[in-house]
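What follows is a single structure, written as structure tokens, with notes after it.
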């Protein structure tokens, strides 16, 4: 995580994606995908009348042990300093999705926040009351993720693996959003 305009000691709460949690989650996702592929190949081979040898089974087990670890490791290395983050302070909300540039939004410009999806795929939807109040922070990465809706654009932030969890994050945001009369 890079330095952001929020100053230390001003009642800021930071949420981030721990690298170890991302690695373990990717490990299991890739392992399940690899297992499905190996089983599909085995079923196709049997349907075509090809009998797998002991060597084929050993290679399949090796692939199931090596591919998930290597794949998860490559994903974590590729996104090493670019995992998603969110800071909540008296000055407003700052956030950056994985691989995206950060955004600053003052509390007065936050129209709504909510969660969609579940588990490691949970996303925070941040709807600004006006896009003129949005400040895109300088730095590496692609433009912030926007969800285009009839009610106006909203920012998407991957929070399923953030620490503390999405429910704590949402409670913090609801605590900070000014009451609309």
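The values are calculated or read from the model by the stated rules, or taken from the named source; none is laboratory data. Keep in mind it's a predicted model, so treat the numbers as computed, not measured. For neighbour counting, all protein chains shown are included, and Cβ atoms are generated from backbone atoms with ideal geometry for every residue, glycine included.
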Going residue by residue through the stretch 95-113, is there one that turns out to be modelled with pLDDT of 85 or more, under 24 Å from residue 142 (Cβ atoms) and not assigned by TED's automatic domain parsing to the domain that holds residue 157? no
Within the stretch 143-162, is there a residue that is closer than 23 Å to residue 99 by Cβ, surrounded by fewer than 18 Cβ atoms within 10 Å (Cβ to Cβ), in the same structural domain as residue 96 (by TED's automatic domain parsing) and touching a residue at least 60 places away in the same chain (Cβ under 8 Å)? no
Out of (1) surrounded by fewer than 17 Cβ atoms within 10 Å (Cβ to Cβ); (2) modelled with pLDDT under 90; (3) touching a strand residue (DSSP E or B) at 6+ places or on another chain (Cβ under 9 Å), what's the single condition that is false for residue 171? (3)
Regarding residue 92, is this residue farther than 23 Å from residue 149 by Cα and not assigned by TED's automatic domain parsing to the domain that holds residue 34? yes
Restricting to the stretch 79-105, count the residues that are touching a helix residue (DSSP H, G or I) at 6+ places or on another chain (Cβ under 6 Å) and more than 14 Å from residue 162 (Cβ to Cβ). 1
